[in-house]
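These notes are about the structure you will find just below.
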Amino acid sequence: MKKALIIVGVAAVIATLIGLNLYMNTAQPATSVQAELLETMVVEGETLHDSLIASGQVVPAHFEEVFFDPALGELDEILVEEGQEIEAGTPLFRYKNEQLDVQLQQLDLQNKRLALQVEDITQQKKNNEREISETRRKLQQARDEQNEYEAERLQELLNQLEREKEQLALQERLLQLDQEEQKVQRQQLKNEENKLVVTSRTSGIVTKIDEDAVHRQGLEPTPLIIIESAGHYLIQGTISEYDTVHVQTGQEVIIKPKVLASETWKGQVVAVEFTPQSPADGMGMGGEAQITYYPFTVEITEDKPGLKHGYHVSVEIMTDVREQAVLLPFEAFVETDEEEYVYVLNEGRLEQRLVTTGLVNEKGKEVTSGVTIGETVVLNPVDDWTDGMEVVSNDPAD
């Protein structure tokens, strides 16, 4: 019986010691953390962009509106089709001028008449040359035979043929002058006719032909033909007066069409206008101006198909670029009511660092002070960690 009591007493003492040890381990804060449980990262410098978002619309870089002028005559013929790709200088349409057509026809008839006259003179000259040659031969023969009467008659005939030759040469020259004059007249009429043919000033695609525009000539005429640059587009949009202080030409842009959510294009701001939109565009209730908006233009710098005239796009303008910035993931930060800090692994201990943050993106937060490139930051910190806590390893190799 006495032996049983001793055993029970020893067991009670052992149980008390175990409980006391457990209490001591749980009641006192931890003074170290195992290295194998830590998730860390070495800080590397990154390029960060500060940006603002605006909206815009795809427009052709160049376009031409061609109007019909009734003062030049009636519409004769449209020489292009919708969807046709053309070069600068391509004939688009032609005016009708009946008087000019009649004058050209008359010149054509006169030219044919002159051509017949020139052909006749040419034949007469050939006949004259042949007669002169034959008369000279006969004249020489008469002289050889000392036939003075025949020689005198042939000499007179030769003189007459020589005079005819001169007359034919003069007539030929006059006809040539008439032909040259006709060429000048024809060129003048052709120049007038060319004015009746309207050509394009730019290269591109004929996107619209409105033949009804011929009959809608008034205070606000509409274009007969519209030509847009092929494949070369701009983005035009507006930014508020608050954003104009941040946007300037040369800044890089990321363009995201709303109908192609997964696609992006690169661009560059090429213009920010100083003249705002019409005041009515920024009016609120009661006619009071709320916000003023200014137009801007972005040139698409990436040669990539897919965009179309009229697409609405989201424009992310890179207003600030920071090289070698410190960017930490969200899981590195511990936030209190007014402060943020991270844990840095320094010489085998956790060092609590108060940090100042800057830009925020989908990857994390920029740290502008408190952590430098090359340091090791601990991710997913635990609430009971403290500054200076020792980092120990259970790996014998360490």
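Restricting attention to the stretch 228-257, the residues that are of a type outside the set (Val, Ile, Thr) and within 30 Å of Gln84 (Cβ to Cβ) total 9.
Checked against the criterion of being in contact with a Phe, Trp or Tyr (Cβ under 9 Å, 6 or more places away or on another chain), free of Cβ contacts under 8 Å to residues at least 40 places away in the same chain, closer than 26 Å to Glu46 by Cα and surrounded by 12 or more Cβ atoms within 10 Å (Cβ to Cβ), the candidates Val344, Val315, Val355 yield just one match: Val355. Remark: Gln146 falls outside the filter, which requires a residue to be at pLDDT below 90, under 52 Å from the mean Cα position of the chain (by Cα), exposed (fewer than 15 other Cβ atoms within 10 Å of the Cβ) and not in a helix (DSSP H, G or I).
Applying the criterion of at least 3 residues that are of a type in the set (Asp, Glu) to the strands (runs of 3 or more DSSP E) found wholly in the stretch 40-106 leaves 74-78.
So, Arg322, is that one of a type in the set (Lys, Arg), at pLDDT below 95 and closer than 26 Å to Val392 by Cα or not? Here the answer is no, as Arg322 does not meet what is asked.
Could we say that Asn127 is out of contact with any Ser or Thr (no Cβ under 8 Å at 6 or more places or on another chain) and either surrounded by 16 or more Cβ atoms within 10 Å (Cβ to Cβ) or more than 30 Å from Gly83 (Cβ to Cβ) (or both) here? It is true that Asn127 is out of contact with any Ser or Thr (no Cβ under 8 Å at 6 or more places or on another chain) and either surrounded by 16 or more Cβ atoms within 10 Å (Cβ to Cβ) or more than 30 Å from Gly83 (Cβ to Cβ) (or both). Being out of contact with any His (no Cβ under 9 Å at 6 or more places or on another chain), within 24 Å of Ala71 (Cβ to Cβ) and at pLDDT 90 or above is not true of Ser133. In the set (1) surrounded by fewer than 18 Cβ atoms within 10 Å (Cβ to Cβ); (2) modelled with pLDDT of 90 or more, the condition left unmet by Asp243 is number (1). Taken together, the residues in the stretch 175-196 that are exposed (fewer than 12 other Cβ atoms within 10 Å of the Cβ) and either aliphatic (A, V, I, L, M) or touching a Phe, Trp or Tyr at 6+ places or on another chain (Cβ under 7 Å) (or both) amount to 2. Selection within the stretch 222-240: residues that are within 22 Å of Glu302 (Cα to Cα) and among the hydrophobic types (A, V, I, L, M, F, W, C). The member of this set that is surrounded by the fewest Cβ atoms within 10 Å (Cβ to Cβ) is Ala230.
Would you point out which residue out of Leu161, Leu154, Leu139 is in contact (Cβ under 8 Å) with a residue 24 or more places away in the chain and either touching a strand residue (DSSP E or B) at 6+ places or on another chain (Cβ under 8 Å) or surrounded by 12 or more Cβ atoms within 10 Å (Cβ to Cβ) (or both)?
Exactly one residue qualifies, and that residue is Leu161.
Does the stretch 371-393 contain at least one residue that is out of contact with any Asp or Glu (no Cβ under 8 Å at 6 or more places or on another chain), free of Cβ contacts under 8 Å to residues at least 60 places away in the same chain and among the hydroxyl-bearing types (Ser, Thr, Tyr)? Within the stretch 371-393, not a single residue is out of contact with any Asp or Glu (no Cβ under 8 Å at 6 or more places or on another chain), free of Cβ contacts under 8 Å to residues at least 60 places away in the same chain and among the hydroxyl-bearing types (Ser, Thr, Tyr).
Listed by first and then second residue, the pairs with beta-carbon distance under 8 Å, at least 6 apart or on different chains, first residue in the stretch 282-309 and modelled with pLDDT of 85 or more, second basic (Lys, Arg) and outside any loop (DSSP other than H, G, I, E, B), are Ile300/Lys266; Thr301/Lys266; Glu302/Lys266.
Being exposed (fewer than 11 other Cβ atoms within 10 Å of the Cβ) and on the phi < 0 side of the Ramachandran plot holds for only one residue in Val118, Val66, Val102, and it is Val102.
The values are calculated or read from the model by the stated rules, or taken from the named source; none is laboratory data. Note that the structure is predicted; figures quoted are calculated from it, not measured. Please note: Cβ atoms are built from the backbone with ideal geometry, for glycine as well, and neighbour counts cover all protein chains shown.
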